[in-house]
Structures are given as C-alpha cells and as structure tokens.
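What follows is a single structure, written as structure tokens, with notes after it.
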C-alpha cells in the first residue's frame, strides 16, 4: 500500500498527544527521585489532578483556574507525602503506595457528582497554520499549551539538572544528603520542594487527561499511566531526554498496534497489545547500558530517609 | 397521666409507621453486582438505572461496583447471599462461573446472571438483550451515510456477544451499500477512555467516517466530534457528549425486567428462566434520531425498527456467508438462537481475523 506522508503526520501527532501525560509525570517524578525521594504515588497524584481539573472546570467554568487548580491539588496531596516521609521519616515505598490508593479512592468519591458531564473544549494554539505545510504542520500546530509545555519540559529539566546551581544542589541532596547537609544545604527543604514540584507535574498530567485528551471524568481514568511514568524514570536511568524517547516509543506502539489492526495485519492482537511494554523497556535498557553513566545519574540515596542529628 | 398518654401515642404511632414501611418495602432485598463504576455512563450506569427502578417500585436494593471477574466476585456474592439478600443480579458475562458456584451454596437465594448461558442450579436464571437488533439499525444508518465507504468499529473482547454485534451491523450496512468495509480494532478493554480514543483515532486516520463502538466509555463519540465524523452511542444516550457526531444510541433498558423479577421473588412466583429480549420487549431502545439523518432514511429506520420489534424482519436472515464464502444461513432461513448465542465467525465483508 502507498503510505501517504500526511497520514504519517497524523499518526505522529496522535503518538505525541498520547505521550504528553507520561512526559509530564515522568519529568516531575524524575526531579523528586533525583533529590533522593522515591514517590510511588504518581498514579494517585495524577488521578487527583484529573478530578480536580475537571471539577474546577465544571464549577468555575474557567480552564485557567482548572489547570492551575489541578497543579495545586497535586502539590497539596504530595505535601502529605512530603510531611510523612521527610518530617515523620516514614518509609518511602509504603507511603507512596498508600498515596496512590488514597488518591484513587478520594477521586472516585469527589467524582461521583461529575460523572456524565461533558467536558469543555480546550483552546489550541496556531490553529490557522494547521494546513499550511503537509506532514509538518499537523505535528507542529494546533495543540493545547500543555502539549507544547510537555515537549519542552525534558530539555528544561536536563538543563536545570546539569547546568544550574539549583540542579547541582538537587543532585547533591539525592546522592549524599549527609555531605550536602554538611555543606550547609537544607536537605529537608530541597526534598520538600522537589516532592511538591513532582506533585504539581503529576497534577498537570492528570488534568491533561480529563480536560484535553478525553474531556470527561470517569473513575480510574488514568488507567495505570502513573505506573508507566514511574517505570520510564527508572528505565531511562534518570535522564529526561531518554524519558522523552521512552514515552514516544510507548505511545507510538500503542497507537501503531491499533493502526496495524485496522489495516488487517495478521499478527495476534494479544502480542500487539503487549508490544509497547516490552519494546519500551528493551529499548531503554539498550540505550542506557553504559554502567558508568548509570552510576553517575542514579541518585545513590534514592528512597533512603535522611534525618539530621542536632 | 398526660405524659404516659403522649408517650403511648407516640410509640403506637411509631409502631404503625414501622408497619406501613415494612408493608411497602415487602421485605424483599435485591443486590446488584457491577463490573464497572456506576458512573461509566455506559453498561454499568444503565444497570444502575434499572436498579433505581426497582427501588422506585418499593423494594430495598444494594449494589457493589467495580467487582473484578475473578475469585473476588465469588467473595462478594457469598457476602451478599449471607447478608439477607433474596435475589442477586450479576451484571457481567465473566460472573457466569462464580454465580453458578455460589448459587449451589445458597439454594434459597435467587441468582440472575446477565449475558451468560449457564443455569446449573434451579435458582439461577439468565437474561440478556438482543443488542444485535439495535446494531442492525446502526448498520443501516452507517451504510447509508458513509461517504468513504469505510466504517470503523472499536471492539472490546472476542466473545459471541461482540462478534454477533459486528456481524449484524455489517450485514445491515451491506444491505443498503454493498461497497462498505468494516474495519475492526480490538481494544481489549471494556472501559479505558484513553485506549478507546486512541483506537478510534487510528480508524479515523485510516479513512473511517463513521465509528461504531462496543466499549463503554464516552471517549469515542467525543473523538468523533473533534474529528468531524459520525458515531453511535453505546448503552446510554450519549448525545450530549457529542451532539454533532452522535447519530443515535442503542440504549439498554433493564428496569422493567428487574422490577418484574424482584416482584416475582416477592410473590413467590419466581422460577428459572432464560430471557432474551429485544426491541419488541423494550429491553433494547433506540434513542432519538439526529437531524443529520435525512428524512427518507429516518423513515426507513423507523420502519426497520418496527419490523424488528414485530418479528417481521430478523437481523440474521439468509443467505449469510462467512469470510471464506461458506454458507452460514441458507436463503429464506433465519439464524436460530443457538447459532446466535455461540457466534464466533465473521460474516463476509468484515476485514481481518477474530483474535484467538
């Protein structure tokens, strides 16, 4: 069959749209983990963001308030996690899991009143340019602001970690909180900030799902994307650019398998459905096999509690 | 003296009130087990509308939502049977074995299983709706209104219920337009808005200008609205989610059946039954037709609806051929219920293979 270049453009656009929540949540979690904190509550924070965004949009009618509100909701719920793990020194893994369960439960409870309400249309940028250049313009133009933000975020994150003083501080805290503390860095403050930032990004990822990607509220609508985002962080060996690659591969294979089905390609569907998970992990493991680099970028104190003796 | 009088008056009033309440409530308790959340605005939502009808008829009801089709279902059923429920409706295909297993342990509790075929014990009934009749109507509309002659269909799992729907839809569409192609995409989920919309998007990108769905969320009709193509609502009227895209919806109307069966339990007339109702009995309802459907087609659809209801027209009337050209139903014959219930082959004109 003849593959039309515009058709490829459309597929790439769908892939990018499906990668947005993964990129946002992973980049947020990456900063949290780089400061030495393992927050397994990504799924919970995302779903809280999803319901908060949708609820605020329905109640206030303002998309701006809804998006900002979803990020604040992510910050608030991650504050619980930060307080528990940093102030009360609880176990990161257990607290994170509890956060996910809590998020799913409370979002379902709040969401009861928002089921069956259609969402609002989210404004897109550069809509008039959408048909100007074949292939390229559907990829570049006519998306929401969150979309553009998501695709620049990995580069900013990379720059922040590698080139700024603050990024260095975050990495220092994640590698050796004791040394950082001896240098006069307030470890607790840095970790608190990184956790709250991660919460904000997860909240935004959730809001993207409930307000832009599939504008509606339904229980459990994050559908495990939080866990995939978590896996992306680990398999990308804490490198934001590789997160971008991983999210694109994952989103890509999910969508391409639907296209292959629609074209009538005779491969067992079950295999196609499993493909995104397998290939994403394999590719990320292969591109990250340099053990020296892994050692350099893995936060050595990940998931370890730190408390200062006075 | 005065005090005692008041007190006895109050207590006798309370007693009277309790009597009245219990007389209205008829002491029958019905329980419902749902696969999804009641807020899916699709399959489970419609069962819950049915439950509310039972409640409105004066019976007590409870429900458990989001019950997985696994050993969990057995635990939930046992719990409900133990806590004084007289009749339990299990509303998903995958509850078939758990329902029969638990029914054996509680011979005094009545069990009603939706969309299954196993009735291993005298206290198990099954019920289902002939959704394929509704899909024949959707197929007629789709076949007449498509311009690209490519119709997309997002399917959930390869079970007879879904295959039957695809076949009925395709046969009806072919009847009005022999050139159409039905492209199927299996999402392998009943309910995942993200995945469902990705599947729908893939079909639209490949040229489908009408999308049908056999999954439960409203994501697909919204994607259709955005892309400017047509779609059909599933299980409930989804028009308000996509006013331009939704041409009509096939609604599941369980209320009358539920009220009927709970009443039968209350009167002691309940007996084992296998119910398979369609448009004629009101279990399958076609929502209002959108104004985008031209008036002559509207008239045609209304007539087909009436004929399906009266039994004058059957959605599976021969000659019907399978994909390889083998005869499935001979000319002038209609498929019997046994064949429909176990339908696991595509008819001619459907693209691709059924996943195994």
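Filtering segment B:230-250 to residues that are within 14 Å of the chain's Cα centre (by Cα) and within 13 Å of chain A (Cβ to nearest Cβ) leaves B:233, B:235, B:236, B:237.
Is there a residue being in contact with a strand residue (DSSP E or B) (Cβ under 9 Å, 6 or more places away or on another chain), within 14 Å of another protein chain (Cβ to nearest Cβ) and touching a residue at least 60 places away in the same chain (Cβ under 8 Å) anywhere in segment A:122-144? Yes, the conditions are met somewhere in segment A:122-144. Yes or no: segment A:218-231 includes at least one residue that is without any contact (Cβ under 8 Å) to a residue 60 or more places away in the chain, under 17 Å from the mean Cα position of the chain (by Cα) and facing chain B (nearest Cβ under 9 Å). The answer is yes; a qualifying residue exists. Among the residues of segment A:205-212, not a single one is assigned to a loop (DSSP other than H, G, I, E, B), within 11 Å of another protein chain (Cβ to nearest Cβ) and either closer than 19 Å to residue A:250 by Cβ or without any contact (Cβ under 8 Å) to a residue 24 or more places away in the chain (or both). Residues in segment A:262-296 that are away from chain B (no Cβ under 14 Å), surrounded by 13 or more Cβ atoms within 10 Å (Cβ to Cβ) and either in contact with a helix residue (DSSP H, G or I) (Cβ under 8 Å, 6 or more places away or on another chain) or closer than 30 Å to residue B:183 by Cβ (or both): A:279, A:280, A:281, A:283, A:284, A:287, A:288.
Please determine whether any residue of segment A:188-197 is out of contact with any helix residue (DSSP H, G or I) (no Cβ under 8 Å at 6 or more places or on another chain) and part of a helix (DSSP H, G or I). So far as segment A:188-197 goes, yes, one or more of its residues are out of contact with any helix residue (DSSP H, G or I) (no Cβ under 8 Å at 6 or more places or on another chain) and part of a helix (DSSP H, G or I).
Scanning segment A:99-114 for residues being crowded, with 18+ Cβ neighbours inside 10 Å and over 19 Å from the mean Cα position of the chain (by Cα) gives a total of 3. When A:110, A:104 are checked against the criterion of being in a helix (DSSP H, G or I), at pLDDT below 95, under 30 Å from residue A:190 (Cα atoms) and within 14 Å of chain B (Cβ to nearest Cβ), A:104 stands alone in meeting it. Residue check: is residue B:294 in the same structural domain as residue B:315 (by TED's automatic domain parsing), surrounded by fewer than 18 Cβ atoms within 10 Å (Cβ to Cβ) and at pLDDT 95 or above? Yes: the conditions hold for residue B:294.
Within segment B:185-197, does at least one residue satisfy the condition of being within 21 Å of residue B:167 (Cα to Cα), at the interface with chain A (Cβ under 7 Å from one of its Cβ atoms) and at pLDDT 90 or above? Checking segment B:185-197: at least one residue is within 21 Å of residue B:167 (Cα to Cα), at the interface with chain A (Cβ under 7 Å from one of its Cβ atoms) and at pLDDT 90 or above. When you scan segment A:184-191, do you find a residue that is under 21 Å from the mean Cα position of the chain (by Cα), surrounded by 20 or more Cβ atoms within 10 Å (Cβ to Cβ), more than 14 Å from chain B (Cβ to nearest Cβ) and farther than 19 Å from residue A:45 by Cβ, even just one? The answer is yes, given that some residue of segment A:184-191 is under 21 Å from the mean Cα position of the chain (by Cα), surrounded by 20 or more Cβ atoms within 10 Å (Cβ to Cβ), more than 14 Å from chain B (Cβ to nearest Cβ) and farther than 19 Å from residue A:45 by Cβ. For residue B:313, are the conditions met, namely being assigned by TED's automatic domain parsing to the domain that holds residue B:159, over 29 Å from residue A:258 (Cα atoms) and modelled with pLDDT of 95 or more? In short, no. Just one residue in the set B:148, B:156 is within 14 Å of chain A (Cβ to nearest Cβ) and more than 18 Å from the chain's Cα centre (by Cα); that residue is B:148.
Residues in segment A:244-258: is at least one within 14 Å of chain B (Cβ to nearest Cβ) and touching a strand residue (DSSP E or B) at 6+ places or on another chain (Cβ under 8 Å)? Yes.
All of (1) more than 21 Å from residue A:266 (Cα to Cα); (2) within 11 Å of chain A (Cβ to nearest Cβ) hold for residue B:176 with one exception: (2).
The values are calculated or read from the model by the stated rules, or taken from the named source; none is laboratory data. Treat the numbers as computed from the prediction; the structure is a model and nothing was measured. Cβ: placed from backbone, ideal geometry, glycine included. Neighbour counts: every protein chain shown.
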